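Heads up: the structure comes next, in structure tokens.
The values are calculated or read from the model by the stated rules, or taken from the named source; none is laboratory data. Remember, it's a predicted structure, so these values are computed and weren't measured experimentally. No Cβ is skipped: glycine too gets one built from the backbone with ideal geometry, and neighbour counts run over all protein chains shown. For the accessible areas, the whole protein counts, side chains as well, though only heavy atoms, and no ligand, DNA or RNA atoms are used. Shrake-Rupley method; radii C 1.70, N 1.55, O 1.52, S 1.80 Å.
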Amino acid sequence: MIKYKIVFHMSIKKSINSFFSRLWINKSAIFKLACTYTGVAFTFWGFVSLFEPLNGVFKDDASFVCKLLIGIMVLLAVFIISAIAASWIVLCSNQVCIGESSTKNSVYVKYGDMYSPDIVEKDYNGKRAIVVSVNRCFDTIVDNHLVSHNTQHGQVFQKLYDSQRFTPDSLNRTISDIIRRDTAYIDLTIEEKPKGNLKRFEVGTTVNLQIDDNLSYYLLGLSYFDRHLNAHTSKADFALAVQKLIEFCNQNSQGNPVILPLLGSGLSRTKIDLNNIMHYLVDAFAINKDIINNDFYIVVWKGDKDRVAIKELRKW
């Protein structure tokens, strides 16, 4: 019983901390919306006063200071109510549209599970592609040494193995068959990479792995392994990979929605903060809006709501 009480209290404390963290990272959006609501309220009040003067609110002998203080208190009360309403609206918002391309396709940022078809729309059953960042050798051995189960790379590949669609060997052959023969790569030695595939492809090389009629994985070559099998991604490589991905989607998506996470986070070791990754992706899509021919969904894991604020994004 004591154990359950401790767990319960820890859960409550975690929820409270998460709530205040979300308030803090969304403070700018909340403040702006609260100011808007306050302005609307006082505009409406001013309009009503044209027909029903408010002189009767104050006593005839009330001083200017008294009237000023009452006015300030009313203003604060309206602002507090507006801030509460704004906080509720901002914290309950799970999606924002940050821009529209010249072809009327949109780029969205959402909280949720990127693997769920509902990320596009509820009960969606159409075609979609999910971007999966992998190492540039496209290794398929998920053993927590070469590829970790804690990465998107490892989780997606393990899911394919568990469903018996592929084995590590058959997936390796399939990926090798899909990669174009003229795709540039360098040959590594055992000393440079002691395990796994020894062909390292150019950053941004993308493989369209079709799973069924409605789902494809776009395997994006992002990180590279050193001789200790630690993944690395430079900021220049990250920027180039994002650009190549957008161009790849322009040529291969056929107008179907593309879902992608905050690329480069986790074990890719870009050393870029989650919010900075999101802002970079948003800016990259804005720059390339002339070649966006499908809807994009940048998905923030729902457990990161207290770390990433989507309502703070600048729209284009």
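So if the hydrodynamic radius of the range 218-257 is defined as the Kirkwood radius over C-alpha pairs, what does Stokes-Einstein give as its diffusion coefficient at 10 °C and 1.306 mPa s, in µm² per second?
Value of D from the Cα-based Kirkwood radius: 138 µm²/s.
Write down, largest first, the equivalent ellipsoid semi-axes of the range 175-299 in whole Å, where each equals the square root of 5 times an eigenvalue of the alpha-carbon gyration tensor.
25, 19, 12
Which cross-chain or sequence-distant (5 or more) residues have an amide H under 5 Å from the amide H of LEU215, H modelled 1.01 Å from N in plane?
Under 5 Å from the amide H of LEU215 lie the amide H atoms of ARG128, each far enough along the sequence or on another chain.
Placing unit charges on C-beta atoms (Lys and Arg positive, Asp and Glu negative, everything else neutral), compute the dipole magnitude of the chain about its Cα centre in debye, rounded to 20.
720 debye
Can you pull out the GluC sites (Glu not before Pro) in the range 119-206 whose DSSP state is coil and whose Cβ has at most 12 other Cβ atoms within 10 Å?
Answer by residue number: GLU121, GLU191.
Just order 29-40, 136-147, 214-225 by mean Cβ neighbour count inside 10 Å, highest at the front, would you?
Order by mean packing, descending: 214-225, 136-147, 29-40.
Report, in degrees rounded to the nearest 10, the 0 to 90 angle that the Cα long axis of helix 235-252 makes with the longest principal axis of the chain.
Helix 235-252 sits at roughly 80 degrees to that axis.
Using a probe of 1.4 angstrom, how much of the accessible area of the chain is carbon and sulfur, in percent?
Reported share for carbon and sulfur atoms: 58 percent.
Using the Cα centre of the chain as origin and beta-carbon charges of +1 (Lys, Arg) and -1 (Asp, Glu), tell me which of SER133, ILE81, GLN155 is placed farthest towards the positive end of the dipole.
With unit charges placed on the Cβ atoms, the residue in question is ILE81.
Quick check for you: with a 1.4 Å probe and neighbouring chains kept, what is the accessible area per residue of the range 153-240, in Å²?
In whole numbers, the range 153-240 has 55 Å² accessible per residue.
Given the range 115-232, what whole percent of its Cα pairs are spread farther than 21 Å?
Tail fraction, whole percent: 38.
Grab the beta carbon distance between LEU76 and ALA286, set R0 = 41 Å, and tell me the FRET efficiency rounded to 0.05.
0.60
Report which label in (1) 67, 47, 33; (2) 61, 42, 34; (3) 92, 59, 37 holds the value of Cα extents along the principal axes in Å derived from the coordinates of this structure.
Label of the calculated value: (3).
Cα extents of the range 90-155 along the three principal axes, largest first, in whole Å?
42, 30, 24
Taking Cα atoms, how many degrees apart are the long axis of helix 152-162 and the longest axis of the chain, rounded to 10 and kept between 0 and 90?
60 degrees
Which ³J(HN,Hα) values, rounded to whole Hz and listed in residue order, are derived for the range 32-49 from phi using the Karplus coefficients 6.51, -1.76 and 1.60 in 6.51 cos²θ - 1.76 cosθ + 1.60 with θ = phi - 60°, glycine and proline given as x?
4, 5, 5, 4, 4, 4, 5, x, 5, 4, 6, 5, 5, 4, x, 5, 5, 5
With each label point set 7 Å from Cα along the Cα-Cβ vector, what nm distance links LEU23 and SER93?
1.9 nm
Assign unit charges at the C-beta atoms only (+1 for Lys and Arg, -1 for Asp and Glu), then state the dipole size of the range 109-228 relative to its Cα centre in Debye, rounded to the nearest 20.
160 debye
Can you give the FRET efficiency for ASP162 and GLU100, using 1/(1 + (r/R0)^6), R0 = 51 Å, r = Cβ-Cβ distance, to the nearest 0.05?
That pair, ASP162 with GLU100, gives E of 0.85.
With a 1.4 Å probe and all protein chains left in place, how much accessible area per residue does the range 62-109 have, in Å²?
59 Å²
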